[in-house]
Amino acid sequence: MKRREIFIELTSLLDVILIMIFILLGQAKAQAREAVDQAEAERAAMSGMSYEIEALKEEEAQMKASFEEAEAAFEKEKAALSESIDALERRLITEGVVMENSLVLTVSADDEAAVLLEVDNGESIRIPYDWGNDNYLKNRLASLLTEQLTNADERSVFIVFQYDRTRIYQTEYEVIGEVIREIKLEAGKREIPLNFIELDIFEL
């Protein structure tokens, strides 16, 4: 029996195989490119995140330094304020002790032909005077000041003469000054510590 010979055309089959291989290679190349692009994108994102993290760390360090600086300034201000409060308390205590051991008498002139004598305990005495006769003002003021000296006990006495140079009359100024000088001499004889302060409030 004679065998039949089968001839397979390999050219067409080879072409199909080559085309399939080409397609697969193209797909693989595209997938590889996509993977590379994705990796690059992720790398860029990681780089951006790293930059942001560094920026946040730097900002945090700056905020921490600013906070520490503000805290140091606050502590310094607190210490200075505490020192000022302590100084003020000492001053108030000192002034309290001085006031307890002092008698302050304020002599001033008002606008209604009168002289005011004010004592630090709140007492206020008004002495009117007549323009034609200054003796009453002189004698009354001297009597009141002498009485206050007698009541001073062992306290230091301060006589403060307050006036406004634009509103006090020359005669009034001279009478008050003369009386205070006489009282100061009397206090010296009686060994009473007396200080005289003349204050022109126009200059304040």
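The values are calculated or read from the model by the stated rules, or taken from the named source; none is laboratory data. Remember, predicted model here, so these are calculated numbers, not experimental data. All Cβ positions, glycine included, derive from the backbone under ideal geometry; neighbour counts span all protein chains shown. SASA here: full protein model, heavy atoms, side chains in, ligands and nucleic acids out. Shrake-Rupley method; radii C 1.70, N 1.55, O 1.52, S 1.80 Å.
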- Message: Rounded to the nearest 20 debye, what is the charge dipole size of region 13-63 about its Cα centre when +1 sits on each Lys and Arg Cβ and -1 on each Asp and Glu Cβ?
- Response: 420 debye
- Reachable lysines from residue 64, Cα under 27 Å, same-chain residues fewer than 8 places away excluded? 76, 78
- Name the residue farthest towards the positive end of the dipole of region 32-182 from the options 122, 173, 132, assuming +1 on Cβ of Lys and Arg, -1 on Cβ of Asp and Glu, about the Cα centre. 132
- In region 138-173, the GluC sites (Glu not before Pro) that fall in loop regions by DSSP, at most 12 other Cβ within 10 Å: 154
- Task: May I ask which residue of 93, 36, 159 lies farthest towards the positive end of the charge dipole of the chain, with charges of +1 (Lys, Arg) and -1 (Asp, Glu) on Cβ and the Cα centre as origin?
- Result: 36
- Message: Give me Rg/Rg_expected for the chain, where Rg uses Cα atoms only and Rg_expected = 2.2 N^0.38 Å with N residues.
- Response: 3.16
- Solvent accessible area, Å² - residue 64, 1.4 Å probe, full protein context: 130 Å²
- Query: Expressed as an acute angle from 0 to 90° and rounded to the nearest 10, what is the orientation of the C-alpha long axis of helix 170-189 relative to the principal long axis of the chain?
  - Reply: 80 degrees
- Among the lysines, which fall within straight-line cross-link reach of residue 138, defined as a Cα-Cα distance under 30 Å, with same-chain neighbours fewer than 8 residues apart omitted? 184, 189
- Task: Give me the angle, in degrees from 0 to 90, between the Cα long axis of helix 135-150 and the longest principal axis of the Cα atoms of the chain, rounded to the nearest 10.
- Result: 70 degrees
- Dipole size in debye (nearest 20) for the chain around its Cα centre, Lys and Arg Cβ +1, Asp and Glu Cβ -1? 1460 debye
- Mind putting a number on the dipole of region 97-187 about its Cα centre? Charges go on the C-beta only, +1 for Lys and Arg and -1 for Asp and Glu, and I need it in Debye to the nearest 20. 180 debye
- When the Karplus curve 6.51 cos²θ - 1.76 cosθ + 1.60 is applied with θ = phi - 60°, which whole-Hz ³J(HN,Hα) does each residue of region 19-24 get, with x for Gly and Pro? 5, 5, 4, 4, 5, 4
- Query: Can you tell which of 187, 45, 16 lies farthest toward the positive end of the dipole of the chain, using +1 and -1 charges on the Cβ of basic and acidic side chains (Lys, Arg; Asp, Glu)?
  - Reply: 16
